[in-house]
Every structure is written in C-alpha cells, then in structure tokens.
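Chemist: Please read through the structure below; I'll follow up with questions.
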Amino acid sequence: MTTTDEAGEQLGDDGTKRQFISWVTLALMTTASVASLRPSPSMAIYGLAAIFLYLLPAIVFLLPTALVGAELASGWTGGIYRWVSEALGKPLGFLAVWCQFAMTIAYYPSLLAYVASTFAYVIHPSLAENGLYVAIVIVVIYWTGVWITSRGTKTVAGLSSFGLIIGTLIPGVVLVVLGIVFLAQGNPSEAPMSADHWLPPWTGLASLVLIVNNFLSYAGMEMNGVHVSSLREPRSEYPRSIFLATGLVLLIFILPALAISWVLPAENTSLTAGLMQAFHAFFDHFGVAWLTKIVGIMVVMAALGGMLTWLAGPAKGLVQLSRQEGYLPPFLQKLNSHGVPQNIMIAQGVITTLIGVLYAFSSDVSSAYWMFSVITVQIYLIAYLLMFVAVIKLRKTQPDRPRGFVVPAVTLVAGVGFIASACAMVIGFVPPDQFGDGPLWRYLLIVGGGLLILGVVIPLAFLKFRKPSWVHPEYQGARAPVE
C-alpha cells in the first residue's frame with residue numbers, strides 16, 4: 001500500500017519515500033543478468049542465419065518469460081516455488097525450485113569446459129580439445145569455488161558486474177570492431193552474408209538443434225520481474241524496459257556470433273573454444289597475437305566471477321525452503337558457520353566431479369560440452385513449463401489478487417512460451433549435425449538419462465520419502481503437517 005505526501009511523492013507503509021528506478025535502468029539490469037559471449041560459437045556456425053536463430057527464441061521464449069515473471073513477481077513474493085505452489089500445489093512447487101537448483105549440476109561442467117578451453121589459449125591452444133586437461137580444470141576450479149564460497153567471502157558478490165564489463169562488453173566490442181575492420185580491408189567472410197542465407201539450410205531437425213542452447217542463454221530473464229514494483233508506472237514502463245533489454249541482449253548475442261563467422265569456417269569452429277579461436281585469428285591477422293592471452297584471461301575472469309556469484313545461491317534457496325517444509329533430509333539442510341549450505345554443495349560437487357571426469361574419456365570436447373548444455377536446458381525448462389501453467393491458473397483462481405503488472409492476453413503469451421519450451425525439450429533429444437560420428441544411443445542415454453535422473457527421479461524420491469522430522473526444529477509446529 002502506498003500514500004502520497006504534500007509534494008506528490010509516493011510513500012511506503014512506513015511513511016518513507018519510495019525509491020524508484022527508471023525503466024532504462026531496469027533494462028540495463030536485465031541485460032547484465034542475461035547477456036554473455038559464451039553461446040556465440042554455437043551460433044556462429046550458422047553464419048547470417050544466427051540472426052534468425054536468436055530472434056525466434058527471443059520472441060517465443062524470452063519475451064513470454066519476462067512478461068509472465070513480472071506478473072507473478074509483482075503479485076506473489078517467494079519466487080517460483082510460491083508461484084507454482086499457489087497454482088498447482090506444493091509438490092510441483094518443490095519440483096520447480098529443485099529444477100532451478102539441479103540445472104546447475106549439469107551447468108557447471110559445461111561452463112567450466114568453456115573456461116578450460118578459453119584458458120587453453122593462455123597456455124597452449126592445442127589443450128582446448130584435450131579431454132584430460134578439461135576434466136582437471138573442471139574438478140580443480142569447481143572445488144576451489146566451493147572452498148571460497150563456503151567461507152562466506154563477501155567480495156564475490158561484486159564479481160558479476162565486474163565480469164560483465166571486463167569479460168563480456170569489452171571483449172565483445174573488440175571482437176565486433178576487429179570483424180568490421182577485417183571485412184573493410186576487403187577480406188572475404190568465411191560465412192556467406194548474402195540475403196539468401198538469412199535462414200539456416202534445412203537438413204532435418206538436426207540442422208536446427210543448436211538453437212536449443214539459446215533457451216539457456218535467455219534463461220533468467222524473469223528474475224528481474226521482482227523490480228517491477230520499483231517503477232513509477234509499471235504497466236507502461238515495464239514493457240518498454242523489456243523490449244529495450246531484448247534489443248540490447250540480441251545485439252550482444254548476434255554481433256559477436258557474426259564476427260566469429262566472418263573469420264572461422266563453420267567446420268573448424270569449436271563450441272567451447274570458438275570465441276578464442278576467433279580472437280586468435282583476428283589478432284594474428286593484425287599482427288598483435290600477444291593480445292590473445294590477455295583477452296583469454298579477461299573472459300575467464302568473467303566466467304569465474306559468474307560461477308562464484310551463483311555457486312551458493314540456488315543451493316541456499318533450496319535449503320532454506322527445505323528447512324521450512326522438510327523436502328530434504330537434515331544432512332543436506334545443514335549450514336556452516338558462515339550460513340552457507342556446504343553439505344548440499346559438496347553433494348552437488350561429487351556429481352559435478354563425476355561428470356567432469358567424463359571429459360577425460362571424451363575424444364570430442366565440443367560434443368561433450370553440447371550434451372551437458374542440453375541437459376541443463378531441459379532441466380531448467382521443466383521449471384518454465386510449470387511457471388507458464390501457473391500464471392494462467394492463478395489468473396483464474398485468484399483474479400482479484402493485486403498485481404503490479406498484468407500480462408495482456410496472458411493465455412496466448414503463456415501458451416506460446418509453454419509450446420516453445422516443450423518444443424525445445426523435444427528438439428534437444430536430436431543430435432546436432434556437429435555431433436560428429438558418435439553413436440545415437442550414447443547421446444540419447446546421456447541426455448535422456450541426465451534429464452530423467454536429475455530432473456525427475458531425484459525430486460520425486462525426496463517427495464516420496466519425505467518425513468515430518470525433516471522439518472527443521474526452528475519451524476516445527478509453524479506449518480501444516482507434511483502432505
């Protein structure tokens with residue numbers, strides 16, 4: 001509830017002036033939380049068609065998640081667990097929040113594989129496709145991150161904004177400028193840039209599978225919906241903010257992908273090291289090869305900053321919820337002296353280590369990276385499917401609930417997002433053309449098994465064996481009995 005003082009300023013419940021942000025500021029915050037250079041190599045393979053392949057999921061997934069997230073966040077506090085629980089019941093609410101956590105189990109190996117391949121250009125580029133090297137980097141960096149995070153280091157919180165500038169914006173601008181100068185000198189583009197290459201060549205679903213990675217690239221857009229109440233006119237300003245953020249995100253994604261395609265042939269582009277391959281090629285061309293190592297360090301710093309910032313977040317939210325509702329056994333709920341959920345992070349680390357070791361036995365790091373990226377996307381999409389259903393259900397069951405922002409044509413918007421998410425999950429089971437000569441059964445076993453075990457079997461097991469004693473003593477008697 002707000003009131004207005006004599007000067008016309010809006011006041012909060014405690015009588016203090018409300019602090020507002022502009023819609024432009026919110027757009028920049030949203031851009032910072034989503035934009036990254038990491039997916040650029042996978043889209044560079046498509047050349048000019050990368051524009052279409054970024055634009056399509058932006059329309060059918062990014063915009064629906066942002067709009068739906070704003071309505072839910074402005075009407076119900078507590079995040080996706082509260083949203084889904086209110087609409088579909090607490091068990092499905094737990095499934096949604098579990099998937100937000102479980103996706104990180106597959107996400108960190110793929111992220112750190114990217115870090116390993118990038119850092120290889122600081123040491124020796126040939127290591128970028130060396131499975132043993134990648135495995136060692138994944139294991140060492142992950143456990144180092146757990147150690148740092150478990151000590152409650154406060155400085156990691158500022159690393160994400162630092163990483164955006166140092167490891168994303170600066171390298172991205174440099175890459176695009178180098179590409180433009182490269183073409184301006186009369187050098188031919190490795191990828192055709194004529195209008196008839198606007199759409200990717202159709203050779204079946206396998207030719208479009210890499211588009212699935214864009215759903216992960218856009219994931220998290222809904223998180224900034226919590227700030228909708230900080231806008232003066234949410235209903236008019238929030239859509240403007242989202243459309244501006246979408247435009248900026250598309251520029252950050254598309255232009256570096258095109259720059260990579262100008263200098264690298266698609267068949268030689270690594271999904272993990274493609275960014276550094278492009279920098280290496282450009283810097284070699286302009287006679288400043290030594291800059292490759294500097295850019296490599298900058299990109300690695302950004303990725304590691306993002307990892308440390310996110311490492312304890314999803315786990316901490318899951319543990320806090322489990323203490324209140326008894327979803328996890330007490331051992332996994334324990335916090336250390338710094339308030340960090342160390343036990344569940346260690347359990348997560350064991351699985352991450354096992355996944356990382358698989359890289360040591362992989363002869364194709366790009367294929368392994370892709371499979372774990374797909375698992376990450378599919379697990380996360382379960383949460384989005386539930387979110388899209390929840391917003392429609394809540395509009396019907398709680399129509400009078402105050403909302404700071406209301407999605408126009410909510411059934412259409414959420415329906416488009418739901419269908420797009422479901423299609424992305426199905427397409428993810430099709431190996432891309434770039435998968436190589438790996439057997440289909442192995443791809444399906446890893447992707448399907450990862451989704452089934454991490455996204456379905458484990459959370460259902462916790463729900464099945466859940467006991468009243470799992471509720472933390474602090475909350476005993478403060479909630480209804482376990483359902």
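Chemist: Calculated FRET efficiency, TRP202 and LEU251, Cβ-Cβ r, R0 22 Å, to nearest 0.05?
Modeler: The pair TRP202/LEU251 has a calculated efficiency of 0.25.
Chemist: For the chain, take the longest principal axis of its alpha carbons; what is the angle in degrees between that and the long axis of helix 313-325, to the nearest 10 within 0 to 90?
Modeler: The angle comes out near 30 degrees.
Chemist: What does the highest-first list of 72-79, 192-199, 398-405 look like by mean Cβ count within 10 Å?
Modeler: Highest-to-lowest ranking by the protection proxy: 72-79, 398-405, 192-199.
Chemist: Roughly how tilted is helix 234-263, in degrees to the nearest 10 and between 0 and 90, from the longest Cα axis of the chain?
Modeler: 20
Chemist: Find the Rg to Rh ratio for the stretch 329-483, where Rh is the Kirkwood radius over alpha-carbon pairs and Rg uses the same atoms.
Modeler: In the stretch 329-483, Rg relative to Rh is 1.05.
Chemist: Additional query: Averaging sequence separations of C-alpha pairs under 8 Å and six or more residues apart, then dividing by the length of the stretch 43-468, give the relative contact order as a whole percent.
Modeler: 36
Chemist: With only Lys, Arg, Asp and Glu charged, each at its Cβ (+1 for the first two, -1 for the last two), find how big the charge dipole of the stretch 312-424 is about the Cα centre; round to the nearest 20 debye.
Modeler: Using Cβ point charges on Lys, Arg, Asp and Glu, the stretch 312-424 gives about 480 debye.
Chemist: While we're looking at this one, here's another question. So for the stretch 43-468, what are the equivalent ellipsoid semi-axes in whole Å, largest first, each being the square root of 5 times an eigenvalue of the Cα gyration tensor?
Modeler: 34, 26, 21
Chemist: Continuing with the same structure: In deg cm²/dmol, rounded to 500, what helix-only [θ] at 222 nm does the chain give when every DSSP H run of at least 4 residues adds -39500 (n - 2.57) and the total is split over its residues?
Modeler: My calculation for the chain gives -20000 deg cm²/dmol from helical runs alone.
Chemist: Tell me the carbon and sulfur percent of the accessible area for the stretch 43-468, rounded to whole percent, probe radius 1.4 Å.
Modeler: Carbon plus sulfur share of accessible area: 71 percent.
Chemist: Note down the magnitude of the dipole of the chain about its Cα centre, charges +1 on Lys and Arg C-beta and -1 on Asp and Glu C-beta and zero elsewhere, to the nearest 20 debye.
Modeler: 1240
Chemist: Put +1 on the Cβ of each Lys and Arg and -1 on the Cβ of each Asp and Glu in the stretch 43-468; which of TYR369, VAL406, ILE45 then has its Cα farthest toward the positive end of the dipole?
Modeler: VAL406
Chemist: Full extension from THR77 to VAL357: what is 0.36 nm times the residue separation minus their Cα-Cα distance, to one decimal in nm?
Modeler: 96.8 nm
Chemist: Continuing with this model, one more query. What ranking do 98-107, 367-376 get when scored by the average of other Cβ atoms within 10 Å per residue, highest first?
Modeler: Taking the mean over residues of other Cβ atoms within 10 Å, the ranking is 367-376, 98-107.
Chemist: Please name whichever of GLY450, MET345, LEU112 sits farthest to the positive end of the charge dipole of the chain, dipole taken about the Cα centre and charges placed at Cβ: Lys and Arg +1, Asp and Glu -1.
Modeler: Farthest towards the positive end: MET345.
Chemist: Using θ = phi - 60° and the Karplus curve 6.51 cos²θ - 1.76 cosθ + 1.60, what whole-Hz ³J(HN,Hα) does each residue of the stretch 90-98 get, with Gly and Pro shown as x?
Modeler: Result, ordered by residue: 5, x, 6, x, 5, 4, 5, 6, 5 Hz.
Chemist: What is the spin-label model distance, in nm, from ALA195 to HIS338 if the labels are put 7 Å beyond Cα along the C-beta direction?
Modeler: 5.8
Chemist: Mind checking the stretch 217-290 for trypsin sites (Lys or Arg not before Pro) that DSSP puts in a loop (not H, G, I, E or B) and that have at most 16 other Cβ atoms within 10 Å?
Modeler: Sparse-neighbourhood loop trypsin sites (Lys or Arg not before Pro): ARG232.
Chemist: First measure r as the distance between the Cβ atoms of GLN398 and ALA266, then evaluate 1/(1 + (r/R0)^6) with R0 = 35 Å and state the FRET efficiency to the nearest 0.05.
Modeler: So the FRET efficiency works out to roughly 0.10.
Chemist: Per-residue counts of other Cβ atoms within 10 Å, averaged by peptide: what ranking do you get for 176-184, 49-57, highest first?
Modeler: 49-57, 176-184
Chemist: Compute the helix-to-body angle for 170-184: its Cα long axis versus the longest principal axis of the chain, expressed 0 to 90° and rounded to tens.
Modeler: So the helix axis and the longest Cα principal axis differ by about 40 degrees.
Chemist: Additional query: Along the charge dipole of the stretch 43-468, pointing to its positive end and built from +1/-1 on Cβ of Lys, Arg, Asp and Glu, which listed residue (ALA135, TRP290, ILE392) has its Cα farthest out?
Modeler: Selected residue: ILE392.
Chemist: How fast does the stretch 336-415 diffuse by Stokes-Einstein, in µm²/s, taking the Kirkwood radius from C-alpha pairs at 20 °C and 1.002 mPa s?
Modeler: D = 128 µm²/s.
Chemist: Okay, moving on. Please identify the chymotrypsin sites (Phe, Trp or Tyr not before Pro) of the stretch 255-304 that satisfy two criteria: DSSP loop assignment and at most 15 other Cβ atoms within 10 Å. Which are they?
Modeler: Qualifying residues, ordered by number: PHE286, TRP290.
The values are calculated or read from the model by the stated rules, or taken from the named source; none is laboratory data. If you're wondering where the values come from, they're calculated on a predicted model, not measured in any experiment. Glycine gets a Cβ as well: all are built from the backbone with ideal geometry, and neighbour counts include every protein chain shown. Please note that ligands, DNA and RNA were not included when accessible areas were found on the heavy atoms of the full protein model with its side chains. Shrake-Rupley method; radii C 1.70, N 1.55, O 1.52, S 1.80 Å.
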